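Encoded as structure tokens, the structure appears first; notes follow it.
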């Protein structure tokens, strides 16, 4: 039975899931800093051993630079230690899978949001009549609702990029070191001249 460990640390709500033969065996929502503890708890709850895992599905962003790097580092470490293939999945795609028909919107900081087309100021998006989900939808609720969008309540499950959807969307697993982060814009940090 394929046993997939999936996780996403790109947003302020890190998610992880253990999926066996398409069935969710366990799922957690926490912070990127507790990812490895969450993974350990999922494996133990399922009565499995880390060597039973057959592949990784990880969120590659867009989102927090630090959060994405934590997820990539954890995936590369687990893949190396357990000889596992890995597949990257867009955090936006996972949000969309959890809310069919909705527009996924991730808080990009700097008064912007990440949407499937890139980064934009919330007020510049044409969202009239659309349902918006994700951390960006929650943060800029007033702007989006004034533009005619529908934003579910803050505690709605659709705002979380659930790892179970990463496992469903993962394609063509390969070496974890080849999984690339999805950075939509250049970093703030500059290399000194």
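Taking the DSSP bridge list for the chain and keeping only pairs wholly inside it, about 65 percent are antiparallel. Beta bridges from DSSP with both residues in region 1-112: antiparallel share about 65 percent, rounded to the nearest 5. With the biggest extent put first, the Cα atoms of the chain measure 50, 48, 27 Å across the principal axes. When 64, 33, 135 are arranged by Cβ crowding within 10 Å, least crowded first, meaning fewest neighbours, the order is 33, 64, 135. Only beta bridges with both residues in region 80-175 are counted; by DSSP, about 70 percent of them are antiparallel. The slack in the chain from residue 189 to residue 154, taken as 0.36 nm per residue of separation less the alpha-carbon distance, amounts to 9.4 nm.
Could you list 49, 159 in order of exposure, starting from the residue whose Cβ has the fewest other Cβ atoms within 10 Å?
Lowest to highest Cβ neighbour count: 49, 159.
Cβ crowding within 10 Å ranks 95, 182 as 182, 95, fewest other Cβ atoms first.
Using helices alone, I'd like the mean residue ellipticity at 222 nm for the chain: each DSSP H run of four-plus residues gives -39500 (n - 2.57), total over residue count, nearest 500.
After summing the helix terms and dividing by the residues of the chain, the value is -8000 deg cm²/dmol.
Among 181, 153, 161, the largest mean-square fluctuation in a Gaussian network model of the chain (Cα springs under 10 Å) belongs to 153.
Counted over region 98-157 with a bin width of 10 Å, the fraction of Cα pairs per bin, in whole percents, is 27, 62, 11. Relative to the longest principal axis of the Cα atoms of the chain, the long axis of helix 35-45 lies at roughly 50 degrees.
No lab work stands behind these numbers, since they all come straight from the coordinates. Nothing here was measured: the structure is a model prediction, and the numbers come from that model. All Cβ positions, glycine included, derive from the backbone under ideal geometry; neighbour counts span all protein chains shown.
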